[in-house]
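First up is the structure itself, then whatever we jot down about it.
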Amino acid sequence: MKTSYNRLFVLVFTLFILATKAAYASSNHGYAVDFLKGEGNVTGTKLAYQYHPQGMQNFVGDARFYLESSVNVWQYRHDQQSQSNVVLAVSPVVQFPAFSVYNTPFYVEAGIGFSLLDERYFAGKNLSTHYQFEDRIGLVADFGETNVALRIIHYSNAGFKAPNPGINFLTLSVAQRF
């Protein structure tokens, strides 16, 4: 049942983005849809708004910068047990040029942001706090207005309160500028 809600949420968000795309043509605004695979039986979906401030591009060499705000829905399933967690996050992200393959530039990206979890107890873990840091590192293929990224994202409270087991995700992301 919850998977149906996730799919409906992604569909509504995508339709909203497509409907407003013309209003922001060639702007610094974008969106991303991420598919998350967490530890064990944890999966999820992440819907993000990205802002690429013009004045922050190439601020250090060829580095690029953007701010991302997102809504995550995590799902945990084990035997007959099922649990959801909704996460709001904001992260500054920097991308550095790495290499090119067939004229497609690839970037290494990193970011440390802030997130708010709905549930502190999730997937059999006591995450201790609703407030968590969102750390990421990834590889991004830049196809112009569309980017495809493979990332590792780690959520933890940085040791502010014990226990601090954290939770890790491998994500596949598709981002598009409006």
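The values are calculated or read from the model by the stated rules, or taken from the named source; none is laboratory data. Source: prediction; values computed, not measured. We place every Cβ from the backbone using ideal geometry, glycine too, and count neighbours over all the protein chains shown. The area values use the complete protein model at the heavy-atom level, side chains included, leaving out ligands, DNA and RNA. Shrake-Rupley method; radii C 1.70, N 1.55, O 1.52, S 1.80 Å.
Quick look at the values:
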read-out	value
Portion, in percent, of the accessible area of region 45-137 that falls on carbon or sulfur, probe 1.4 Å	61
Environment charge of LEU36, counting only residues whose C-beta is closer than 10 Å and scoring Lys/Arg +1, Asp/Glu -1	+2
Computed over region 63-110, Cα set: Rg, Dmax in Å	17.1, 48
Surface per residue (accessible, 1.4 Å probe) for region 32-159, Å²	49
Cα centroid separation - region 107-123 against region 137-167, whole Å	7
Distance between modelled label sites at GLU39 and ASN164, nm, 7 Å Cα→Cβ extension	1.5
Total formal charge among the other residues, if their Cβ is under 15 angstrom from that of GLY113, Lys/Arg +1 and Asp/Glu -1	-2
Descending semi-axes in Å of region 61-178, equivalent ellipsoid built from Cα gyration tensor	30, 16, 12
Gained length - VAL174 relative to VAL86, 0.36 nm times residue gap less alpha-carbon distance	29.6 nm
For region 104-167, alpha-carbon Rg relative to the globular expectation (2.2 N^0.38 Å, N residues)	1.38
